[in-house]
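A quick write-up on the structure given underneath.
The values are calculated or read from the model by the stated rules, or taken from the named source; none is laboratory data. In this text, all values refer to a predicted model and were calculated from it rather than measured experimentally. Here the Cβ positions follow ideal geometry from the backbone for every residue, glycine too, while neighbour counts run over all protein chains shown. The protein model used for the area step is the full one, side chains on, heavy atoms only, and it has no ligands, DNA or RNA in it. Shrake-Rupley method; radii C 1.70, N 1.55, O 1.52, S 1.80 Å.
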Amino acid sequence: MTDNVPVRCPACRREQSFTPPTFPCSCGAPVTLPVLRDGTPEEVGHRTWENLWVAVNCPSCGHRCHWPQPELGCDCGAVVRVPVAAAPPPADP
């Protein structure tokens with residue numbers, strides 16, 4: 001089970017509890033998105049295909065996969081993008 005992470009809405013400054021999502025890697029291991037506890041959440045104003053996904057490495061096999069960028073709906077009506085520690089970009093061959 002993953003720990004809840006406090007996330008402060010940038011629009012109303014209200015703090016909410018957020019449970020990071022877990023996805024299955026192709027190797028079968030669960031991958032829980034590594035939410036940055038000290039990161040700065042941002043309000044989603046406009047979505048693009050590129051900012052809908054985050055690359056994260058599987059802790060078991062190291063495979064780099066793209067997962068949906070986690071978001072949280074605040075009671076004030078804002079949609080908040082939760083910061084995640086993304087995998088470093090692959091090295092050029």
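So which residues in segment 1-51 are part of a strand (DSSP E or B), within 14 Å of Leu72 (Cα to Cα) and open to solvent by 60 Å² or more (accessible area, probe 1.4 Å)?
Matches in segment 1-51: Pro6, Arg8, Glu15, Ser17, Glu42, Glu43.
Collect the residues in segment 42-71 that are more than 10 Å from the chain's Cα centre (by Cα), modelled with pLDDT of 90 or more and closer than 25 Å to Arg13 by Cα, keeping them in residue-number order.
Selection gives Glu42, Glu43, Val44.
Suppose the filter is under 16 Å from the mean Cα position of the chain (by Cα), open to solvent by less than 60 Å² (accessible area, probe 1.4 Å) and in contact (Cβ under 8 Å) with a residue 24 or more places away in the chain; does Ala78 pass it?
No.
In segment 70-81, how many are in contact with a Phe, Trp or Tyr (Cβ under 6 Å, 6 or more places away or on another chain) and outside any strand (DSSP E or B)?
Total satisfying the criteria: 0.
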